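The values are calculated or read from the model by the stated rules, or taken from the named source; none is laboratory data. Just so you know, these numbers come straight off a predicted model, no measurement behind them. As a convention, Cβ positions derive from the backbone with ideal geometry for all residues, glycine included, and neighbour counts pool all protein chains shown. Heavy atoms of the whole protein, side chains included, go into the accessibility calculation; ligands, DNA and RNA do not. Shrake-Rupley method; radii C 1.70, N 1.55, O 1.52, S 1.80 Å.
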Amino acid sequence: MGQAASYPAELTGREVATRLFSPATGSGEALDRRDGGGDRDFTGDLPDECLAHVFHFLGPGDRKRCSLVCKRWLCVDGQSRQRLSLEAKAEILPFLPAMFSRFDSVTKLVLRCDRKSVSLNDEGLVMISVRCSNLLRVKIRGCREITDLGLEAFARNCKKLKKFSCGSCNVGAHGLNAVLEHCKLLEDLSVRRLRGILRSTDQVQMRSSSVLRICLKELENGHAFEPLVAGSKTLKTLKIIRCLGDWDGVLEMIGDGNSSLSEIHLERLQVSDVGLSALSKCTNVETLHIVKTPCSNTGLISIAEKCKQLRKLHIDGWRTNRIGDDGLMAVAKHCLSLQELVLTGVKATHMSVAAIASNCSKLERLALCGIGTIGDAEIACIATKCGALRKFCIKGCPISDVGIEALAMGCPNLVRLKVKKCRVVTGEVGEWLREQRRSLVVSVDGNEPYAMVDANGGNGGVRVLEAVVEDHPTDQIADAEASSNVNNGGRLAMVRTRLGFLACRNLVACTLRRWSHGDDDSSTQQL
């Protein structure tokens with residue numbers, strides 16, 4: 001007498017899920033049986049806004065399963081869905097009305113189709129634009145049935161569009177001009193492999209004053225975008241990658257105006273020192289990538305002397321290898337705010353390396369790749385003079401353990417070191433450096449970086465650090481592949497001691513993949 005009702009001592013996972021998420025009958029309202037400990041939906045007291053906020057933390061598969069719980073959850077999931085990725089085949093056309101009646105709040109849409117399938121056509125694109133007039137970001141890939149007419153009708157209905165990306169389609173200059181004309185808020189335009197541009201003699205004109213970013217990739221007739229690139233006075237970022245033709249004239253047109261460019265990527269282009277000298281008039285440039293272009297010291301000197309606000313500089317000398325000490329000395333003299341420097345295949349010697357290390361006191365990220373003149377003396381110079389350096393990558397340079405040992409006493413702020421394809425460097429020096437600097441993450445060739453606890457008790461060395469330099473266009477400093485060759489007994493013993501942990505981790509990973517396999521709907525991937 002007087003005792004509370006008894007409950008089971010232990011509950012299984014299925015029983016806990018049933019008690020917490022039992023779907024209500026009829027309209028989806030919560031049930032509460034107080035007479036005998038019945039099931040109750042604890043989310044019944046939550047407003048729809050709170051429930052939608054919880055859904056935003058779930059993955060695509062989990063959101064799909066949650067939408068099957070009850071009618072209310074189905075409705076909240078549909079109304080709160082903002083990102084949608086569709087496999088845009090022709091067979092999806094009859095289902096579009098019902099699909100976008102449910103997902104009526106989508107603002108970010110991706111339409112993809114593989115090469116072997118027939119894609120969605122103009123009718124489907126127009127139907128989407130009518131039902132989703134609030135779209136802000138749209139990406140179209142491989143939809144070869146979409147033409148200029150469909151894109152023009154789409155642009156008339158989606159006037160709030162801010163970002164548009166189109167690749168491997170039959171869209172030409174007429175459709176892109178319609179997007180620029182009707183979408184006055186457009187800020188980001190990215191195009192790649194457009195067949196309609198190749199067949200057309202029209203040009204993409206400057207019809208919007210809000211464009212901030214333009215990215216052109218793999219275009220055979222990229223010069224159709226000359227009026228747009230040269231006439232965009234508000235343009236902040238320009239990326240031209242693997243586009244045919246001579247681009248010196250386009251860069252001269254950009255340099256003649258009052259340009260506000262702050263980020264420029266030139267990769268695999270026919271650009272000479274004339275084009276770089278013209279770009280040097282854009283004095284607000286902070287990020288510059290010169291990758292596999294036939295430029296020399298002359299163009300780099302012009303950039304360094306006038307673009308003194310440079311913070312990120314990537315140079316890939318490629319096979320021409322015409323950039324050396326003269327250009328790098330100019331960078332060291334004039335670009336004192338440099339924070340990130342990536343040098344690949346250039347003729348850098350001790351003189352230019354010492355000048356950069358001495359003058360660029362704000363340098364935090366440095367990558368030296370495929371430079372045969374960089375040895376132990378240059379690494380020791382960097383260790384002595386680069387006090388602000390935090391991330392350092394060395395790849396394919398003739399250095400030895402002596403150069404790595406010099407980093408033990410230098411670069412006090414260094415948090416990550418990557419040494420790749422330096423054949424003389426051994427695994428023992430990496431182990432030794434980890435012992436000397438407990439907070440430093442060291443990766444030598446195929447070795448996985450260890451998570452070291454900071455000596456002061458912090459967790460800075462525990463977290464997984466990002467790449468040495470983000471978004472490197474030549475992929476020179478990508479993560480090292482796992483090496484299959486064991487060069488010494490010490491490394492073999494270290495691998496043996498970790499097998500137990502790796503086996504447990506792989507078992508958990510495989511289990512999670514099996515649980516989620518087949519559940520992730522392509523229609524719910526993020527944009």
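Note on region 80-131: residues that are within 16 Å of residue 160 (Cβ to Cβ), open to solvent by 50 Å² or more (accessible area, probe 1.4 Å) and more than 27 Å from the chain's Cα centre (by Cα) amount to 3. When region 276-300 is filtered for residues that are surrounded by 24 or more Cβ atoms within 10 Å (Cβ to Cβ), of a type outside the set (A, V, I, L, M) and in a helix (DSSP H, G or I), only 299 remains. Check whether at least one residue in region 260-270 is part of a loop (DSSP other than H, G, I, E, B), aliphatic (A, V, I, L, M) and touching a Lys or Arg at 6+ places or on another chain (Cβ under 7 Å), and report yes or no. Checked region 260-270: at least one residue is part of a loop (DSSP other than H, G, I, E, B), aliphatic (A, V, I, L, M) and touching a Lys or Arg at 6+ places or on another chain (Cβ under 7 Å). Residue count for region 346-375 under the criterion of being under 18 Å from residue 314 (Cβ atoms) and open to solvent by 40 Å² or more (accessible area, probe 1.4 Å): the result is 4.
For region 293-326, give me each residue that is of a type in the set (Lys, Arg) and at pLDDT 95 or above. Working first, answer last.
Going through region 293-326, the residues of a type in the set (Lys, Arg) turn out to be 306, 308, 311-312, 319, 322.
Residues satisfying the conditions are 311, 312.
Residues that are in a helix (DSSP H, G or I), of a type in the set (Val, Ile, Thr) and over 18 Å from residue 64 (Cβ atoms) within region 75-114 are absent altogether.
Of the residues contained in region 331-340, none is found to be open to solvent by less than 10 Å² (accessible area, probe 1.4 Å) and farther than 24 Å from residue 261 by Cα. Summed over region 42-61, residues that are modelled with pLDDT of 75 or more and open to solvent by 70 Å² or more (accessible area, probe 1.4 Å) total 1. Residues that are of a type in the set (Asp, Glu), over 29 Å from the mean Cα position of the chain (by Cα) and closer than 22 Å to residue 362 by Cβ within region 302-349 comprise 305, 325, listed in sequence order. Kindly check whether there is at least one residue in region 408-419 that is open to solvent by 10 Å² or more (accessible area, probe 1.4 Å), farther than 24 Å from residue 333 by Cα and among the β-branched types (Val, Ile, Thr). Yes, because at least one residue in region 408-419 is open to solvent by 10 Å² or more (accessible area, probe 1.4 Å), farther than 24 Å from residue 333 by Cα and among the β-branched types (Val, Ile, Thr). Scanning region 249-275 for residues that are open to solvent by 30 Å² or more (accessible area, probe 1.4 Å) and of a type in the set (A, V, I, L, M) yields 253, 274. Residue selection: residue 307 satisfies the criterion of being touching a Ser or Thr at 6+ places or on another chain (Cβ under 7 Å), open to solvent by less than 10 Å² (accessible area, probe 1.4 Å), more than 24 Å from residue 417 (Cα to Cα) and not β-branched (Val, Ile, Thr). Highlighted here are the helices (runs of 4 or more DSSP H) found entirely within region 134-231 that include at least 1 residues which are farther than 20 Å from residue 88 by Cα and open to solvent by 60 Å² or more (accessible area, probe 1.4 Å): 148-157, 173-182, 195-199. With 288, 269 as the choices, which residue is more than 18 Å from residue 331 (Cα to Cα) and not β-branched (Val, Ile, Thr)? The unique qualifying residue is 269.
Select from region 310-320 the residues that are farther than 16 Å from residue 337 by Cα and buried (at least 23 other Cβ atoms within 10 Å of the Cβ) and list them in ascending order.
Our first condition is that a residue be farther than 16 Å from residue 337 by Cα; within region 310-320, this holds for 315-320.
Matches in region 310-320: 315, 316, 317.
Yes or no: residue 378 open to solvent by 10 Å² or more (accessible area, probe 1.4 Å) and either within 22 Å of residue 265 (Cα to Cα) or of a type in the set (D, E, K, R) (or both)? Taking the combined requirement at face value, the residue satisfies it.
Of all residues in region 232-258, which are among the small types (Gly, Ala, Ser) and either under 17 Å from residue 191 (Cα atoms) or assigned to a loop (DSSP other than H, G, I, E, B) (or both)?
Residues satisfying the conditions are 232, 245, 257.
When you check residue 283 against the structure, is it over 23 Å from residue 246 (Cβ atoms) and either in contact with a Leu (Cβ under 7 Å, 6 or more places away or on another chain) or β-branched (Val, Ile, Thr) (or both), yes or no? Spelling it out, residue 283 is indeed over 23 Å from residue 246 (Cβ atoms) and either in contact with a Leu (Cβ under 7 Å, 6 or more places away or on another chain) or β-branched (Val, Ile, Thr) (or both).
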